[in-house]
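The values are calculated or read from the model by the stated rules, or taken from the named source; none is laboratory data. All figures in this text were calculated on a predicted structure; none of them were measured in a lab. No Cβ is skipped: glycine too gets one built from the backbone with ideal geometry, and neighbour counts run over all protein chains shown.
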Amino acid sequence: MSLSTRAPAETAAVDTPAITLRGLRKTFGDVVAVDAVDLDIADGEFFSMLGPSGSGKTTVLRLIAGFEQATAGTVRLGGTDVTRSAPFERDVHTVFQDYALFPHMSVLDNVAYGLRVRGLKKAERRDRAQQALETVRLGHLGARRPAQLSGGQRQRVALARAIVLQPRVLLLDEPLGALDLKLREQMQVELKQLQRELGITFVFVTHDQEEALTLSDRIAVFDAGRIQQLGTPREIYENPASAYVAGFVGTTNLFDAATSQRILGVAGEHAVRPERLRLSPGSDTETPRADEVRLDAVVVETIYLGTGNRVHLRTSEGVDLVALEQSTGSLDTREHRGDDVTVRFARADVVPLASGS
Amino acid sequence: MSVTSQVPDARNDQAPAPALRGPVARPGSRLLHRMVWLRLSLLLSAPLAWMLLVYVVALAALLITSLWSVDSLSSEIDRSWTLDNFRTLAENEVYRNVALRTVGVAVAVTVIDVAIALPIAFYMAKVATPRARRMLVVAVLTPLWASYLVKVFSWRVVLSEGGLAEWTGLGSPGYGLTAVVITQAYIWLPYVILPIFAALERVPDSLLEAAGDLGAPTGMVLRSIVMPLLVPGIVAGAIFSFSLTMGDYITVNIVGGANQMLGNLIFINAGAANNLPLAAAIAMIPIAVMVVLLTAIRRTGALENM
């Protein structure tokens, strides 16, 4: 009995999405937490819901899990309508932000809990739970209590407890939020590997845009209860649909309509990523090429990042810009406060943003 | 010398300004900081003295008194050691019956209170809105602010012949042990609800959600997750209702009819019967019961998480 295989017969027809949300809406009193969310999440996909706290992403997750009842709209899992079903009737499992391990049970009993609920024999429960613990490399800690584990270990136990039931869909609610940076990066790699090995659909809620970009097949960016943009990490980063998405995912230089008109000569809002800006010392008197924009600026602050520098600039027109310079190894790349520089970027790197909202 | 000469002369005329930087001179605090024992003894001496006086000395006095006797002619206390009082308790059937009756009433009150408190506490901690929860906490606490006698007398009125219990058609059990159990269960209920409520509040909602998420229906969530985590709270509440009922003698006087409990025997012997040593010996019974009970509970480990 291997955890890593799921027979194709068990999965629904290829075209049926693992999760289908239609017109999903959830209100708490006067507060609209989730509004008009339509979403299809494919089988085996690593899907992230990204947004600041209060943007509705966790509520969507809880609606899929069944902890909240939708005010309107439907939730379908593998084509079956589960909108009104209880959590224990749904073939999805959740990894909670606080891990939610049962403090009065051993680690092994925690992992075996779902099997116990399903009436498996004790010996089989132990075998499967042990195997799941080994999948997350905690095979040796089964006898401990959750309180005796570190944060990262608890995180893995929570994962093992969910994957031991071989769900079609795993919901993860900011699972790495409580871990320190080093551990978080390590867990990111492990999560990704685990998801690929098990072939389970992961729905991952996070407010960390870098985490979402590195892990996901697709990302939905949430704000104010709505999906602002849906796409691959590359699409989201390179072609943000709105000023909100451009600002939330990565750092960006935003030009409002007036500024765009003035320095780019085009109408509407635009954005340029900081790493697309090239700096050269001194003012430049050459005429700029047709396919690039050139601006004179003064260095306001230079921040050393290890891998490079982040340079804050103010152009002669009074527009604040941020540029990222990769470290090239030469010692002389660092601009100093007050230096005059010339900023260049290709017109192709200027992303037009949808107006409104 | 060269250092002082650098200070400008004008400064010398003024009073020295308090230094903002550098250490603050506080000799007393420094002493306390260094002398850990001094600090501890200052902190603990008052409460320790109080505990010693109220608990240890009083209990010792009780034990010593129970080993004395009363001269039946002069009614004066004979201060020679004797186990006569305990022999009387063991041999006289009345005392055994009263002791068993008292334990029985205490068990009944505790069982009823826990059974009522569990759903109320669960509703308060896990279902009610924050606003309703605050109001319920106040509602549970309010009876504690009313006089004990008022509450018992109101039960006397409710249970009286032609009283409220009969109006409502439920019928009254009349004055007797049942009335004692009902009244005591009412009076000690807040002491049972509050620890269970506190224990439930400490159980994160995510634990219940996780159990449901893993496929457990509501009944199983309650049995396998909530109840084990509630044991310390239930034990704490049960100890309250049990020990408070064991020591009570007023309720039984007011609604108990002709029945007596240990507290009545102590009261009569300490007062009307003027046999303080026997009263002290009877008082050792509930103490012994509580010691046995607490030791048994401690064995189960339920006290460790309280």
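Only residues in the range B:252-277 that are in contact (Cβ under 8 Å) with a residue 60 or more places away in the chain and part of a loop (DSSP other than H, G, I, E, B) count as the first member; pair them with residues that are surrounded by fewer than 16 Cβ atoms within 10 Å (Cβ to Cβ) and not charged (D, E, K, R), Cβ under 6 angstrom, at least 6 apart or cross-chain, and list the lot.
Short answer, once both residue conditions are applied: B:Gly257/B:Gly176; B:Asn274/B:Ser75.
Yes/no per residue for (1) surrounded by 22 or more Cβ atoms within 10 Å (Cβ to Cβ); (2) under 17 Å from A:Thr206 (Cα atoms):
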| site | (1), (2) |
| --- | --- |
| A:Pro146 | no, no |
| A:Ser150 | no, no |
| A:Arg156 | yes, no |
| A:Val164 | yes, no |
| A:Leu171 | yes, yes |
| A:Leu176 | yes, yes |
| A:Arg184 | no, yes |
| A:Glu190 | no, yes |
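Only residues that are closer than 16 Å to A:Leu353 by Cβ and under 13 Å from the mean Cα position of the chain (by Cα): list them for the range A:231-250, please.
Matches in the range A:231-250: A:Gly231, A:Ile236, A:Tyr237, A:Val245, A:Phe248, A:Val249, A:Gly250.
Pick from B:Val114, B:Val94, B:Val70: which is under 19 Å from B:Ala270 (Cα atoms) and surrounded by 16 or more Cβ atoms within 10 Å (Cβ to Cβ)?
Criteria check complete, one pass: B:Val70.
Please verify whether A:Val107 is more than 13 Å from chain B (Cβ to nearest Cβ), among the β-branched types (Val, Ile, Thr) and touching a helix residue (DSSP H, G or I) at 6+ places or on another chain (Cβ under 6 Å), treating the condition exactly as stated.
Judged against the criteria, A:Val107 is a match.
Return a yes/no flag: does the range B:190-198 have any residue that is free of Cβ contacts under 8 Å to residues at least 40 places away in the same chain and assigned to a helix (DSSP H, G or I).
Yes, the range B:190-198 has at least one match.
Just one of B:Arg39, B:Arg96, B:Arg101 is at pLDDT below 90 and part of a helix (DSSP H, G or I); which is it?
Step by step, each of B:Arg39, B:Arg96, B:Arg101 is checked, and only B:Arg39 is at pLDDT below 90 and part of a helix (DSSP H, G or I).
Give the residues of the range B:124-166 that are without any contact (Cβ under 8 Å) to a residue 12 or more places away in the chain and outside any helix (DSSP H, G or I), sorted by residue number.
Across the range B:124-166, the qualifying residues are B:Ala128, B:Thr129, B:Ala146, B:Ser147, B:Gly162, B:Gly163.
Taking the range A:121-146 as the region of interest, how many residues are over 28 Å from the mean Cα position of the chain (by Cα), within 14 Å of chain B (Cβ to nearest Cβ) and more than 30 Å from B:Pro232 (Cα to Cα)?
1
Taking the residues in the range B:211-251 that are farther than 30 Å from A:Ala129 by Cα and assigned to a loop (DSSP other than H, G, I, E, B) as candidates, determine which candidate is nearest to the other protein chains (Cβ to nearest Cβ).
B:Asp248
Please give the strands (runs of 3 or more DSSP E) falling wholly within the range A:202-309 in which 3 or more residues are within 26 Å of A:Glu185 (Cα to Cα) and touching a residue at least 60 places away in the same chain (Cβ under 8 Å).
A:218-223
Given the conditions (1) free of Cβ contacts under 8 Å to residues at least 24 places away in the same chain; (2) touching a Ser or Thr at 6+ places or on another chain (Cβ under 9 Å); (3) at the interface with chain B (Cβ under 10 Å from one of its Cβ atoms), report the number of the one that A:Glu89 does not fulfil.
It is condition (2) that A:Glu89 fails.
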